[in-house]
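Participant: Once you've had a glance at the structure underneath, I'll fire off some questions.
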Amino acid sequence: MQALKGIHLEDIIENLRSYQPGAEADQLWAAYTFASKAHKGQVRLSGEPYMNHPMQVAMILTRMKMDQTAITAGLLHDTLEDTDATPEALMELFGPEVTSLVEGLTKLSKISFSSKEESQAENVRKMILAMSRDIRVVLIKLADRLHNMRTLDFLPPNKQKSISQETMDIYAPLAARLGLHWIKVELENIAFHYLLPFEYKRIQGLMAERQEELDRVLLSISNQTRELLLKERIAGEVSGRFKHLYGIYRKMNEQKLDFDQIYDLIGIRIITNTLMDCYMALGLVHNHWKPIPGKFKDYIALPKENFYRSIHSTVLTHAGRRVEFQIRTQQMHRHSEEGIAAHFRYKEGSVSTKEDENFIWVKRLLDLGLHVNSPQEFMDNIKMDLFPDEVYVFTPKQEVKAFPNGATPIDFAYAVHTQVGNHYLGALVNGKPVPPDTKLRNGDVVEILTSEDQHPSRDWIKIAATSHARATIKSYIRNSQKADSLRLGREMVEQELLRNKIDPVKYMAKSLLESAAGAIGFKNAETLIERIGSSTFSVYSLLQKLLPPDEWKTVEETRKTYLKDVQQETGVRVGDLHDMMIRFAGCCNPVPGDPILGYVSAGHGLVIHNKSCPMIKVLESDPEKIIEARWETQVKKQMRPVRILIYCINKPGILANVSTSIAACEANISAATITPTSYMGGEIDLTVEILDLNHLQKIIEALRKVDGVKSVERIMDASRGTTK
Ligand code: MN
């Protein structure tokens, strides 16, 4: 193989075999060859061959002790996005597992976000986890980001800044959450360098000034620690480190400290063989130096959320310097290097359960209800644990919003703003129009279209998944119904008085209405009027209280004749609810002969629908408002409108033939819309005035005989056809 600036595939294989001794090299070689071919001729901005990048990413993955599948995917991770390679080719050569990892990475790379708002960044981090069905996608993404950060120097300054900001907001915290401390530290330091170059150089300079002294202290404390361990025959590796630059900066910034007030610049790590030795070593350290109260944390007994385990304690040295000790076993240390990946790496069964730490580790996972069988299963569990069942979607401005699973564009609209929800007209998901009950999926980009003329409809309540949206819709409907009822109630009282030639102004004075309402037992006149408007209280019961006896007598007389008239006029009988205003529904236009029922509509009196009207399903959500209704046997002959939709072939004279045959049936066309659906034909949407169902049947039959007419149907759905 040709050398790639210091990195060879053999190095990667060797690293892999150091923790997976039996690992096969064939697949890695195949991936290497495939990726090299695919990226052939491509160069990075640094001028080096592109292939260096996936090689470095694979190398980082071996430090994370990732499995062979992940490393293979690491070598291939940019092939789908940047080359002609296809998922099919990957599938054939590397199988579904590798392919789905590479596809997952391609999907993630299409998203870019930078946000300063904390909760927003948190949502993005959650979304990345949620979008990646396999946790290894996120881990490879972190390796990819790490190498990209290491080579950021070759990008233009504005790119350096935006990528660094994104790293600081999204990827460094993500690495921390996944227990990959070393990746977090390195990402932060590099991002710090590009975001705040002046501060970076200042702290770097301050560290350099004291480097000699710090080195000396570090060496001395390390040596003393080694001696302590040696004397007590405790096996342990001792290493020293300095606090990372960004950590120092953050501490200075957050606690408003000068550099010289940062005491814990030096850290010592003791890595022991056994758990017992950790506590033994801790005892030795505390015995030799003075522990600082409040600076002791036992993450072995109480691991962090990301399962990090270690003992931390800050002590005061004899020279008065603060030093933080981290004490952990080898296994805990490995886990802190590998992060969450450590949980599933040994799925082949090579896990050595003899080690008691490992047992505790696994036990703890099981205690949390987690399984360690597969990365997929692990991911699902960790998601359930860390994040409730949520979906994360984007606004067109790339803000992320979180919703419960099952949320729809309606929920999204209300999450943007109440007014956006209340004027919801439609939604585009990933640029395509979708129905309002579409379930949103992770990563969807959702755009809401609004119109001042649109208002919430009752069926949205069922569509919305968030309680916020549901409550807002309900309150809107309640309020608008209330306003409608009030207006209608007022009209009903007025009309009744006018019909009896009684002056409404005289009796509808607020004081009179209030006292009548009180006498009947209502809280106030408004409630009373509203109840009249919603047809749940009789206008006559009010008038009986409101009017002097002789005037009430007139009203009662007129009422009797009027009711008879209404019944004759509409031909509808609805049982005992005599004071109802009766109207025919505009959606289904019932005609005598149709099976019908009535719906008490706030603001509209009693609305008569055809029993097969599509609206019934919606109205049935409040069954108490549905009232049985039927046609009188003797109906006064009067014309009623119905809608008919005709599909026809584009033939000369067809329109004339259609209208002639309707006229021949003694019916009138009161509205017509003609819409060409293709050059061959079109749709004729007609409103025809007819007598009853028999009459309608006759017309439909006649129309079907017209030459060129393909189909004729009656429509009862207001949303269909062209006349809305
Ligand atoms: Mn990459």
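The values are calculated or read from the model by the stated rules, or taken from the named source; none is laboratory data. Everything quoted here is computed from the prediction, not taken from an experiment. With ideal geometry, Cβ positions are generated from the backbone for all residues, glycine too; neighbour counts draw on all protein chains shown.
Participant: Which ones in segment 236-254 are closer than 11 Å to T272 by Cα and touching a helix residue (DSSP H, G or I) at 6+ places or on another chain (Cβ under 7 Å)?
Facilitator: G236, V238
Participant: Select from segment 547-586 the residues that are modelled with pLDDT under 85, crowded, with 19+ Cβ neighbours inside 10 Å and more than 20 Å from R499 (Cα to Cα) and list them in ascending order.
Facilitator: G571, V572, V574
Participant: I'm checking my understanding of the structure. Among residues of segment 587-605 that are at pLDDT 85 or above and part of a strand (DSSP E or B), which one is nearest to I644 (Cα to Cα)?
Facilitator: Once the filter is applied, the top-ranked residue is I596.
Participant: Follow-up question, since we're still on this one. Can you tell me how many residues in segment 145-200 are within 16 Å of the ligand (Cβ to nearest atom), surrounded by fewer than 20 Cβ atoms within 10 Å (Cβ to Cβ), among the polar types (S, T, N, Q) and part of a helix (DSSP H, G or I)?
Facilitator: Total meeting the criteria: 1.
Participant: Just to check your reading of the model, which residue among E620, E628, E632, E666 is within 21 Å of G586 (Cα to Cα) and free of Cβ contacts under 8 Å to residues at least 40 places away in the same chain?
Facilitator: None of the other options fit; the residue is E620.
Participant: Of all residues being assigned to a helix (DSSP H, G or I), more than 14 Å from V57 (Cβ to Cβ) and within 16 Å of the ligand (Cβ to nearest atom) in segment 67-90, which is farthest from the chain's Cα centre (by Cα)? Just the residue, please. Let's see the steps before the verdict.
Facilitator: Here is the first cut: in segment 67-90, the ones assigned to a helix (DSSP H, G or I) are 68-76, 79-82, 87-90.
From the residues that got through so far, the ones that are more than 14 Å from V57 (Cβ to Cβ) too are 68-69, 80, 87-90.
Within this subset, residues satisfying the condition of being within 16 Å of the ligand (Cβ to nearest atom) are 80, 90.
Values: L80: 27, L90: 31 Å.
Only one residue fits best here, namely L90.
Participant: Of (1) touching a Gly at 6+ places or on another chain (Cβ under 8 Å); (2) at pLDDT 90 or above, Q419 satisfies all except one. Which?
Facilitator: Failed condition: (1).
Participant: Which of the residues belonging to segment 298-325 are under 28 Å from E213 (Cα atoms) and surrounded by fewer than 19 Cβ atoms within 10 Å (Cβ to Cβ)?
Facilitator: Result: H312, L316, T317, H318, A319, G320, R321, R322.
Participant: When segment 664-696 is examined, which residues are found to be assigned to a loop (DSSP other than H, G, I, E, B) and out of contact with any strand residue (DSSP E or B) (no Cβ under 7 Å at 6 or more places or on another chain)?
Facilitator: C665, E666, Y679, L691, D692
Here is a yes/no grid of residues against (1) at pLDDT 80 or above; (2) in a loop (DSSP other than H, G, I, E, B):
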| site | (1), (2) |
| --- | --- |
| D264 | no, yes |
| I268 | yes, no |
| D277 | yes, no |
| R328 | yes, no |
| W361 | no, no |
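Participant: Of all residues in segment 537-546 being crowded, with 20+ Cβ neighbours inside 10 Å and in contact (Cβ under 8 Å) with a residue 40 or more places away in the chain, which is nearest to K506 (Cα to Cα)? Show your work before the answer.
Facilitator: Initial filter on segment 537-546 (crowded, with 20+ Cβ neighbours inside 10 Å): 539, 542-543, 546.
Filter once more, so that each one left must be in contact (Cβ under 8 Å) with a residue 40 or more places away in the chain: 539, 542-543.
Values: V539: 17, L542: 15, L543: 13 Å.
So, considering only residues that are crowded, with 20+ Cβ neighbours inside 10 Å and in contact (Cβ under 8 Å) with a residue 40 or more places away in the chain, the one nearest to K506 (Cα to Cα) is L543.
Participant: Same structure again: If you check I477, I532, I502, which single one turns out to be closer than 24 Å to K625 by Cβ, in contact (Cβ under 8 Å) with a residue 40 or more places away in the chain and either β-branched (V, I, T) or in contact with a helix residue (DSSP H, G or I) (Cβ under 8 Å, 6 or more places away or on another chain) (or both)?
Facilitator: Result of the check over I477, I532, I502: I532.
Participant: Could you grab the pairs with beta carbons closer than 9 Å, sequence gap of 6+ or different chains, first residue in segment 134-148 and within 18 Å of F192 (Cβ to Cβ) and of a type in the set (S, T, Y), second one assigned to a helix (DSSP H, G or I) and away from the ligand (no atom under 14 Å from the Cβ)?
Facilitator: Note: no pairs meet the criteria.
Participant: Here's a follow-up. Please specify each residue of segment 25-57 satisfying the condition of being within 16 Å of the ligand (Cβ to nearest atom), in contact (Cβ under 8 Å) with a residue 60 or more places away in the chain, within 18 Å of L101 (Cβ to Cβ) and of a type in the set (G, A, S).
Facilitator: Residue satisfying the conditions is A31 alone.
Participant: Evaluate the following for P652: is it farther than 30 Å from L486 by Cβ, of a type outside the set (G, A, S) and modelled with pLDDT under 80?
Facilitator: Against the criterion (farther than 30 Å from L486 by Cβ, of a type outside the set (G, A, S) and modelled with pLDDT under 80), P652 qualifies.
Participant: Looking only at segment 458-492, count how many residues are of a type in the set (A, V, I, L, M, F, W, C) and in contact with a strand residue (DSSP E or B) (Cβ under 9 Å, 6 or more places away or on another chain).
Facilitator: Count: 4.
Participant: Answer with yes or no whether I608 is within 30 Å of Q568 (Cβ to Cβ), surrounded by 14 or more Cβ atoms within 10 Å (Cβ to Cβ) and modelled with pLDDT of 80 or more.
Facilitator: In short, yes.
Participant: Identify all residues within segment 492-513 that are of a type in the set (S, T, N, Q) and closer than 13 Å to A525 by Cα; write none if there are none.
Facilitator: Of everything in segment 492-513, just one residue is of a type in the set (S, T, N, Q) and closer than 13 Å to A525 by Cα, namely S511.
Participant: Let me ask something additional. Of everything in segment 422-444, what is among the small types (G, A, S) and part of a loop (DSSP other than H, G, I, E, B)? Give them in sequence order.
Facilitator: Within segment 422-444, G431, G443 meet the criteria.
Participant: Can you tell me how many residues within segment 70-95 are surrounded by fewer than 20 Cβ atoms within 10 Å (Cβ to Cβ) and modelled with pLDDT under 90?
Facilitator: Summing the residues that are surrounded by fewer than 20 Cβ atoms within 10 Å (Cβ to Cβ) and modelled with pLDDT under 90 in segment 70-95 gives 4.
Participant: Which residue, of D277, D264, is farther than 30 Å from I170 by Cβ and among the acidic types (D, E)?
Facilitator: Checking each option against the conditions leaves just D277.
For (1) surrounded by fewer than 19 Cβ atoms within 10 Å (Cβ to Cβ); (2) not charged (D, E, K, R), each residue gets a yes or a no:
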site: H8; (1), (2): yes, yes
site: R17; (1), (2): yes, no
site: A30; (1), (2): yes, yes
site: H53; (1), (2): no, yes
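Participant: Just to check your reading of the model, which residue among E491, E496 is under 18 Å from L543 (Cβ atoms) and crowded, with 19+ Cβ neighbours inside 10 Å?
Facilitator: Going through E491, E496 in turn, the sole match is E496.
Participant: Just for segment 91-108: of the residues that are aliphatic (A, V, I, L, M) and farther than 23 Å from D444 by Cα, which one is nearest to the ligand (Cβ to nearest atom)?
Facilitator: The residue in question is V98.
Participant: When the residues of segment 220-244 are filtered to those that are in a strand (DSSP E or B) and not charged (D, E, K, R), which remaining residue is farthest from K201 (Cα to Cα)? Give the steps one after another, and end with the answer.
Facilitator: Keep residues of segment 220-244 that are in a strand (DSSP E or B), which gives 236-242.
Next, only the ones that are not charged (D, E, K, R) stay: 236, 238-240, 242.
Details: G236: 36, V238: 30, S239: 26, G240: 23, F242: 16 Å.
Ranking the candidates gives G236 first.
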